[in-house]
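Below: one structure, written as structure tokens.
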Amino acid sequence: MVETELRAASVPAAQAKPAASPIRKVGVIGAGVMGAGIAAQVANAGVPVVLLDIVPGGAAKATERMLKTDPAPFMQKAAARLVTPGDIEGGLPLLADCDWIVEAIVERPDAKRDLYAKLEAVRKPGSVVSSNTSTIPLSALTQGLGEVFAADFLITHFFNPPRYMRLLEVVQGPATRAEALAAITDFGDRVLGKTVIPCKDRPGFIANRIGGMWMQSAINRAFDLGLTVEEADAVMGRPMGVPKTGVFGLLDLVGIDLMPHVAASMKATLPETDAYVLGLRDNALITRMIAEGRTGRKGKGGFYTREKGAGGESLKRALDLTTGDYRASDKPQLESLALRDLRALAEHPDRGGRYARAVLLDTLAYAAALVPEIADSVADVDAAMRLGYNWKYGPFELIDRVGAAWLARALAEDGRPVPPLLAQVAEGSFYRVQDGALEYFGTDGGYHAVPRPAGVLLLADIKRRAKPLARNGSASLWDLGDGVACLEFHSKMNALDPGTVEMIGKAIAMGRKGGFKALVIHNEGEQFSVGANIGLALFAANIAAWGEIEGLIEQGQKAMRSLRDAPFPVVGAPSGMALGGGCEILLHCDAVQAHAESYIGLVEVGVGLIPGWGGCTTMLRRWAENPRAPKGPMPPVAKAFEMISTAQVAKSAFEAKEMLLLRPTDGITFNRDRLLADAKARALSLVEGYAPPEVKPLRLPGASGRAALAMAVQQQAALGRATPHDVVVCDHLAETLTGGRKDHTEETTEAELHALERRSFMALLKTPATLARVEHMLETGRPLRN
Ligand code: NAI
């Protein structure tokens, strides 16, 4: 029962899944960090999963624990019900009807093979078995297990944490059945949302092999060149496009004790002449740190730590790499750090520049030397590093940034060999755009289109091929083909400003003139939109441009209504954060096709405001029209109030459905690269017979409702859970949501509610406490609790 309910929730009725996957039930063995996380992701996708562990009760405990883990492995609590935990002892028969069994037990070939032998006795014919091993060659895993097993076996290497890391490396053996590989690739891609990258059966596959070299080089060179940890991490950060943890911050995050394990396994499996093995060295400081339990965030601090200052405040400390003692953490001051251009950085004579050059040469030369040993295409290598290590650019994209010829010359200057592929590309580049299509340099010396699987549509590809239909500094309008247009935001963090509102107006006008028959709102930024640009609001408030601000709110409301009331369907397709105004845009779309990793919420109270672009009004209507919600004027108000007053954000598209920020019929796409194609299909499916929704007035409780909410807030304040300004903000919110001076005997129209939203918004913006919140948010990125 639970299972079908969940499936129904995750698969929108209007959007039939493309051919159903033959994988309907999954088994995962080993309920550790990886196994439990993989099982959770399978359950997130609405597929039942058996999770077994050798420790009695271990799988059940792991499932329980995951409900409390942050960031959450489950996209909604209910998904945990799709996990059936069990013990290996006695539980193996639970695997009999599984179509795919993933092994994620201890990293020992003998233990894994013993387990596979047991699986042969229970699994059904044609089921697929895969290992999540990070280091053991496939041939060692299938040894002695017979042909049938080898034909059904492959390696599926997930990254930690499996829900959030988008890379899935897959390795097939010489005997692996093509259908087995195809079924897992399809399931990994469409159902679990991963980018599946085929790898050769070489140690560390792609990402850990290159990532391992990068880390080793970044550590060794920092010691050799005398950089501080902050300097090293800053050089790695922006110019190179590595996440801002850099290398030492990353080690603290993953656990410094992981390093010797990785080194040992690489050393055992790679030839002695491999550049990684040649660069291995004992680092006395790191050895000492591990011995003392200073293994990073999970241990007693790492390269960075926090200490309590005299006044009880938390102070950031950094390890001095020469003495091994902590000192106050400093902002690095190197001149080279101001450079944005990667080559200029690598040519700068200060230690930051020399460090960048050294690490780039080590890492990029290594990557270039490994194609085709580890992968057939440089595009696959780049994708693996972007998705498995969160690099902004893969190694070959980095080579193009510094120039392949520059890299070859630099290597030659240092007396180092130039990898054949790098010599082959010579003065050229690893990528080029030909007739609007992105192509990569192949090992055959020719260029080939970067492949896009069927059902993958990227705005980046469209943008390479065509000019926008319209464009300003904040947003653009693109033609997706088949009569569908795409409205793209491209301001910083996709904050919404007058330019965005103007482009919405333009899009609607073009559509009304028959320029297209459906509109999708989508972008490929990290965040769909962080909401209205509060920096602009603060600026306007500081010069008391009240009329302008109120005008902008009114125009925003009008834009939202126009999205909803347009004579053609509008589909929102968010990924990442859709907050405040970004959320309000989605609330006014006819349908939403959301990436599963969408974080949606009305967070305005965090900056002392209330949703002013129809967010209050729409949430009231959503709850009033929800057949499962209690009837009467007060329940929808209480629901909307609770959500908005606490600035609740849904931590997945599924949670957004629970909160009615998405409708039950809205679609969810697991693979981000498939989101736009799914949204476009959804938009086209709505075209025939489309009529804009009817907007009914509401009956709201009025003053008595407002008083009830005020009392509840006073109680929270008395308990210390609401600050003085929370009380003020909540009162304005309550006034708006309860319909102001009207009560349940009369109807309140949308226009009246929008006027209330504006009035409350303006009143709040004029309070110093709200301005203090806005200022604080802009400065620190965190809400001020005043
Ligand atoms: P872990 O130590 O957290 O979990 C392993 C689990 O397997 C434990 O719960 C253990 O009780 C159980 N187990 C051990 N032997 C078993 C057996 N014979 N039958 C059933 N259960 C058994 O290990 P982790 O980190 O989850 O790693 C699992 C696999 O995934 C390893 O092959 C590892 O190399 C690989 N891997 C690990 C990554 C990571 O970041 N931790 C990333 C990618 C792959």
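Descriptive notes on the structure:
- Environment charge of PHE761, counting only residues whose C-beta is closer than 14 Å and scoring Lys/Arg +1, Asp/Glu -1: -4
- When the P(r) is computed for region 693-756, the part past 14 Å accounts for 57% of the Cα-Cα pairs.
- Sorted from longest to shortest, the spans of the Cα atoms of region 160-266 along the three principal axes equal 53, 27, 23 Å.
- Kirkwood Rh in Å, taken over all unlike Cα pairs in region 653-786: 18.4 Å
- The alpha-carbon of LYS766 sits under 19 angstrom from the alpha-carbons of these aspartates and glutamates, leaving out residues fewer than 8 places away in its chain: GLU548, GLU550, GLU554, GLU604, ASP726, ASP731, GLU735, GLU757, GLU775.
- Among the listed pairs LYS244/LYS331; LYS77/LYS300; LYS300/LYS651; LYS68/LYS651; LYS392/LYS492; LYS200/LYS267, those whose Cα-Cα separation exceeds 24 Å are LYS77/LYS300; LYS300/LYS651.
- Largest first, the three principal axis extents of the alpha carbons in region 355-441 are 37, 28, 24 Å in whole numbers.
- Estimated Rh, region 232-275: Kirkwood, alpha-carbon pairs, angstrom: 11.9 Å
- Full extension of the segment from ASP114 to ARG409, taken as 0.36 nm per residue of separation minus the current Cα-Cα distance, would add 101.1 nm.
- Computed over region 491-616, the Cα gyration tensor eigenvalues convert (square root of 5λ each) into semi-axes of 23, 18, 12 Å, ordered from largest to smallest.
- Lysines whose Cα lies under 16 Å from that of LYS639, excluding same-chain neighbours fewer than 8 positions away: LYS631, LYS657
- Taking a sphere under 13 Å around the Cβ of ALA449 and counting the other residues whose Cβ falls inside, with K and R at +1 and D and E at -1, yields a net charge of +1.
- A Förster radius of 22 Å, combined with the Cβ-Cβ distance separating TYR690 from GLU554, puts the computed FRET efficiency at roughly 0.20.
- Directionally averaged shadow of region 2-198, computed from the convex hull of its alpha-carbon atoms, nm²: 10.2 nm²
- The DSSP beta bridges internal to the chain are antiparallel in roughly 40% of cases.
- Alpha-carbon centroids, region 466-505 and region 100-145: separation in whole Å: 50 Å
- Proximal charge balance of GLY499 [Cβ under 15 Å; K/R count +1, D/E count -1]: -1
- Dividing the convex hull volume of the alpha carbon atoms of the chain by its residue count gives 181 Å³ per residue.
- Principal axis extents of the Cα atoms in region 207-439, from largest to smallest and rounded to whole angstrom, are 63, 41, 34.
- Based on the Kirkwood approach, the hydrodynamic radius assigned to region 266-311 is 13.1 Å, with every pair of different Cα atoms included.
- Whichever aspartates and glutamates have a C-alpha closer than 16 Å to that of LYS513, once near sequence neighbours (fewer than 8 apart) are set aside: ASP479, ASP565
- Value at 222 nm in deg cm²/dmol, rounded to 500, when DSSP H runs of n ≥ 4 in the chain each add -39,500 (n - 2.57): -13000 deg cm²/dmol
- Beta bridges per DSSP with both ends in region 2-198, % antiparallel, nearest 5: 15 percent
No lab work stands behind these numbers, since they all come straight from the coordinates. Please read these numbers as outputs of a predicted model, since none were measured by experiment. So basically every Cβ, Gly included, is an ideal-geometry build from the backbone, and we count neighbours across all protein chains shown.
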